[in-house]
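A quick write-up on the structure given underneath.
Any read-out appearing in this document is the output of simple, stated calculations on the displayed coordinates, not a laboratory observation. Keep in mind the model is a prediction, meaning the values are calculated, not measured. Here the Cβ is made from the backbone with ideal geometry for all residues, glycine too, and neighbour counts use every protein chain on show.
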Amino acid sequence: MENYLYFRKNRPISASVTLGSATQTCPAFAVADIGALAGNDNINEIAAISITSLDGDGTAHANVQFVRSQIVPTLVSSSVALNDSTAGHVHWIVPGDQVYANGILVLDGHGTTGGYTLDTGDIVTAYWKTGLETAVMYPVSALKGINATNDTTTTVHFASILGDNTDDVITFTHTAGEFDKICKMINDACNAHPLDGRMIKVYDGHDGVTRYLNENDAAITLMEYAPEGGAAGMAT
Amino acid sequence: MRAENYLYFANAGDNDTDKDAAMYPASNFRGAVTMSSTEVEFFFDPLDGTGTTANGVLLTHADIAANAVDGASPYGNDVHYTVMEKFAQLASANRNNTNNFTVVKDLNGSLPTNEGAISASGLTEVTTVAITTH
């Protein structure tokens, strides 16, 4: 009998960036919102992308006419075309048509089907959903240890699922000096229900609202997950 | 003798093709990871003796329930969470005086007479099973 430890990143979540200039390469999203930028490349994890026009100077391809009625898991659109020349209008573009790497979106211009030519001051918002490597579960027996990387960062190491020489690592960002509370949280999760064996929700950041075991006051703000294979390393 | 629990998976085939079905000791479970909003994969020690490149059982389930307004989604009802939780219950379900044989999911549907699903068909949330072995 053993427990199973469940962790979910801060997904789903939305994050926005504001264009500082008229470019198709958006500024990087904030680490505080979406986690580490390096390797955050999975466009399929993004359910929807919206563009809010500052002053109506941006230009949408003729087929960009989505109106949101729901975002996840599937963006539902109307057949009503948007008036592109109105400030504040929100355009919805298809994530799969765009390029995403290391937390940076590069959007197609309006000359490309599904594209939108951005202008200074436009706001681009992406909506991440539950996707590749956003939630994980490990048996307690896979836990190898916990390490205080610095005052505000703690890493939890598990035996690699792939089984090579590098640990799978969950990294928590939290209030300074709360390493011991992270350890207590993990300890409590491992030793709960000793005669039974259950899945214990250790950390759950869904909807951007963090929930963690025992109302622990380590004030975790961010969870990152790095399996041995790196981002998207578990994809088979 | 150790009271081990054995976890059984079978796809919709007839158990007559490679990777139609597999069974692993619960103690060989390494971890589970979401692959998409409709897939979660459970990994086990490989069978080739190398210890590397885990065997995987990819389970497909329904997508997240639609939400009307962003930010108010019912993600607490994520199906992957239910599948993981039920798997944990099954993996830890062994008791004395049982055979400890646990069907996580058995999708066999057209086996010859007397070769139907071994017992329960398993988790109702799971719609397909894909087994990768090494």
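Structure values in brief
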{"quantity": "Ranked list, fewest to most other Cβ atoms within 10 Å of each Cβ, for B:84, A:1", "calculated": "A:1, B:84"}
{"quantity": "Which of A:61, A:157 has the fewest Cβ neighbours within 10 Å, and the rest in rising order", "calculated": "A:157, A:61"}
{"quantity": "Across A:144/A:201; A:181/B:105; A:9/A:184, pairs whose alpha-carbon gap is larger than 29 Å", "calculated": "A:181/B:105"}
{"quantity": "Residue-by-residue Karplus 3J(HN,Hα) for segment A:25-42, coefficients 6.51, -1.76, 1.60, Hz, glycine and proline x", "calculated": "8, 6, x, 5, 5, 6, 4, 4, 8, 10, x, 3, 7, 4, x, 7, 10, 7"}
{"quantity": "HN-Hα J in Hz across segment A:189-203 - Karplus 6.51, -1.76, 1.60, θ = phi - 60°, x for Gly and Pro", "calculated": "5, 5, 9, 5, 6, x, 9, 10, x, 9, 7, 10, 7, 7, 9"}
{"quantity": "Exposure proxy ranking, count of Cβ atoms within 10 Å, fewest first, for A:128, A:92", "calculated": "A:92, A:128"}
{"quantity": "Contour excess over end-to-end distance, with Cα ends at residue A:106 and residue A:24 and 0.36 nm allotted per residue", "calculated": "29.0 nm"}
